[in-house]
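All remarks here apply to the structure that follows.
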């Protein structure tokens, strides 16, 4: 999936004629992440952080451009989506995200689809927050609030959205990114429900450990 993701990024960059650098943060992967990224002329940094926010911060720390875009390795970036994000930044927006499309899969039942629909409605339509698979912002603003919160192991996109909104206009690009349905068909309905209800079931400080976040950190292959 990483190769397809990176190819979508380079296609969008080329079509829009944007000057950009593509940075891949390789967080202790056991696959061919670094090899694939380097074969496509990406800048690769190797880390062992096992914290999603910290990994994103590591990439942002070495970025040299004024705009930052964060994209998950299993998410395709259409040209129209990148164009919408770049237009917002050019018009002075502090940052934002995009709507998300998940392809149909025969092992994703109607109940899983309903759960994801509910999450999308709450997270974006009601709360107006960016999805973690794609976010963007002005680098100067990102540096003002110190980047992603590294004291938590999930929902770093909520923190990003809140802090960015405090400092300027925040928008969601209507044309969606396309993210993989792999987690939906890899994990059972019960496992997904347990993950989504973790905030109301746990007695520990929210997302202060990786416990209960196996979907994010110990992904089944």
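Suppose we filter 82, 89 for residues that are out of contact with any strand residue (DSSP E or B) (no Cβ under 6 Å at 6 or more places or on another chain), touching a residue at least 12 places away in the same chain (Cβ under 8 Å) and surrounded by 14 or more Cβ atoms within 10 Å (Cβ to Cβ); which single one remains?
Values: 89 fails: out of contact with any strand residue (DSSP E or B) (no Cβ under 6 Å at 6 or more places or on another chain).
Answer to the check: 82.
Please determine, by comparing only the residues of region 6-30 that are without any contact (Cβ under 8 Å) to a residue 40 or more places away in the chain and part of a helix (DSSP H, G or I), which one is surrounded by the most Cβ atoms within 10 Å (Cβ to Cβ).
Step by step, filter region 6-30, then rank; the result is 6.
Yes or no: residue 164 surrounded by 15 or more Cβ atoms within 10 Å (Cβ to Cβ) and not in a strand (DSSP E or B)?
Details: surrounded by 15 or more Cβ atoms within 10 Å (Cβ to Cβ): yes; not in a strand (DSSP E or B): yes.
So residue 164 passes the test.
Any chance you could count how many residues in region 136-158 are in a helix (DSSP H, G or I), out of contact with any strand residue (DSSP E or B) (no Cβ under 8 Å at 6 or more places or on another chain) and buried (at least 20 other Cβ atoms within 10 Å of the Cβ)? Can you show your working first?
Taking region 136-158 and keeping what is in a helix (DSSP H, G or I), we get 139-144, 156-158.
Imposing the further condition that a residue be out of contact with any strand residue (DSSP E or B) (no Cβ under 8 Å at 6 or more places or on another chain) reduces the set to 140, 143-144, 156, 158.
Going one step further and asking which of them are buried (at least 20 other Cβ atoms within 10 Å of the Cβ), we end up with 156.
Of the residues in region 136-158, 1 are in a helix (DSSP H, G or I), out of contact with any strand residue (DSSP E or B) (no Cβ under 8 Å at 6 or more places or on another chain) and buried (at least 20 other Cβ atoms within 10 Å of the Cβ).
Determine if region 50-68 includes at least one residue that is part of a strand (DSSP E or B) and closer than 16 Å to residue 137 by Cβ. Let's see the steps before the verdict.
Keep residues of region 50-68 that are part of a strand (DSSP E or B), which gives 67-68.
Filter once more, keeping what is closer than 16 Å to residue 137 by Cβ: 67-68.
Yes, some residue in region 50-68 is part of a strand (DSSP E or B) and closer than 16 Å to residue 137 by Cβ.
Inside region 31-51, can you point out the residues that are surrounded by 17 or more Cβ atoms within 10 Å (Cβ to Cβ) and at positive phi?
Listed by number, the list is empty, since nothing qualifies.
Tell me, please, whether a residue that is farther than 24 Å from residue 2 by Cβ and either at pLDDT 95 or above or part of a strand (DSSP E or B) (or both) can be found in region 101-121.
no
The values are calculated or read from the model by the stated rules, or taken from the named source; none is laboratory data. Here the structure is a predicted model, which is why all the values come from computation and not from measurement. Because the Cβ atoms are built from the backbone with ideal geometry, glycine has one as well, and the counts that use them run over all protein chains shown.
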